[in-house]
Structure formats: structure tokens, C-alpha cells
Amino acid sequence: MSVEQGTAFPRSTVEKAYKLDMKKLTRNVQFDLGGRLVCTWTVRGEKIASIRMNLVEDGLRFHYRQTDRQGDQEDVGYMVGLKTTACNFGGARYWFVCPECNGGCRILYLPYTGGTFACRKCHNLIYPSQLERRSVIDRAFEAMVKLPEVQRQHGAARSVKKQKKLAQKRKQMIADLQSFVGEYGQK
């Protein structure tokens, strides 16, 4: 774990949390009103946690028991909303509605320290790859490989928003290359 610049405490990664992935939940399950679903987490075949979810009109009702640091157990129950988006070739895609920010998300997380399930941003969780520091050489090499494709996309982009985003990406890649030349160029 790494300490974020400007913060006193290291941030946790998504790997240090239980997660509920809507894509995995809906893959082999038919959602029926009043239906019940149980998810279990195991380590080496031993059950370490589980959650029971009931599908009701307003979304999913979560039920689970958590233990605090003193060893006291508490029953937890609350609603998590659901929303759908239409797929291009028919059907619908389900999303959780984060209980904290009301944003749509595919995955809800519950840190091992307890609390409630919420999205990654609300729990201030990061991906492990965000802890890796890329060297100037890595960034320059990536820029050399990707820059022609970004320039091609920029020319083909139809929306102004997409053009601005690609222009910013191109500018960052050029800055990475200049940084490499400045650090490792002939002196």
C-alpha cells in the first residue's frame, strides 16, 4: 500500500473489501419479485461471510450480520436501489444504485472493517494498479506506441468533447516524451 500525496493515511484497495458484482449476480439468475439470493465468500473452502438479498419493488433488501472490533455482532439491513439500461440488441442491463451517492454502479464494495455496501468512490477505494509508480521510460514508451493511434482518433472524432479529451491525452503523451528526452537525452 502506498500513501497518497497530501493524505496522512494509506488508501485501501478494492482487494481489501467484499464485493458484489451485478454482472456476476445476473449472469445465471432470473430476478423475480420476492426472489431471494444468497452470496457467500470463502477462504480455502471455509465460509467467512455471506449476505442475503431479497428482491422487492424498490430494489434489493440486504441482510447480513457484521462483527465489530470488540467482537459484538450486529444485524444489518437496508435497501439498495436498482436501475436498468436498455442494451443495443435487446434486453436490459442491471445496475446497483449506490446507497451513499445514488450513482449507478456495477460493483458494490464492503470494506473488511465493516459498514455498508457502497461504490468504490464512496469508500475511497483504489485499484492495485493505481499504487504502481510508472517510470519516465515506461510513460515515454507507452506514448511512442499509442500516440499515432490517438492522433488518428482525434482526426476522426465527431464530437467536440471527444476531440478535447483526445487533444488532452495527446498533449500528455507529448509531455511524457519531452520529459524522457530531457532526462535521458544527450547532454
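The values are calculated or read from the model by the stated rules, or taken from the named source; none is laboratory data. Fair warning: this is a prediction, and the values are worked out from it, not measured in the lab. Using ideal geometry, Cβ is built from the backbone for each residue, glycine included, and neighbour counts are taken over all protein chains shown.
Below, the figures for the structure above:
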item	result
Odd one out for THR84 among (1) surrounded by 12 or more Cβ atoms within 10 Å (Cβ to Cβ); (2) touching a strand residue (DSSP E or B) at 6+ places or on another chain (Cβ under 7 Å)	(1)
Residue among ASN54, ASN102 that alone is at pLDDT 85 or above, assigned by TED's automatic domain parsing to the domain that holds LYS23 and not in a strand (DSSP E or B)	ASN102
Residue match in segment 113-120 (condition: closer than 28 Å to TYR94 by Cβ and in contact (Cβ under 8 Å) with a residue 60 or more places away in the chain)	yes
Residues of segment 108-154 satisfying the condition of being of a type in the set (Lys, Arg) and modelled with pLDDT of 75 or more	ARG120, LYS121, LYS146, ARG152
Residues of segment 119-163 satisfying the condition of being in contact with a Cys (Cβ under 8 Å, 6 or more places away or on another chain) and of a type in the set (Lys, Arg)	ARG120, LYS121
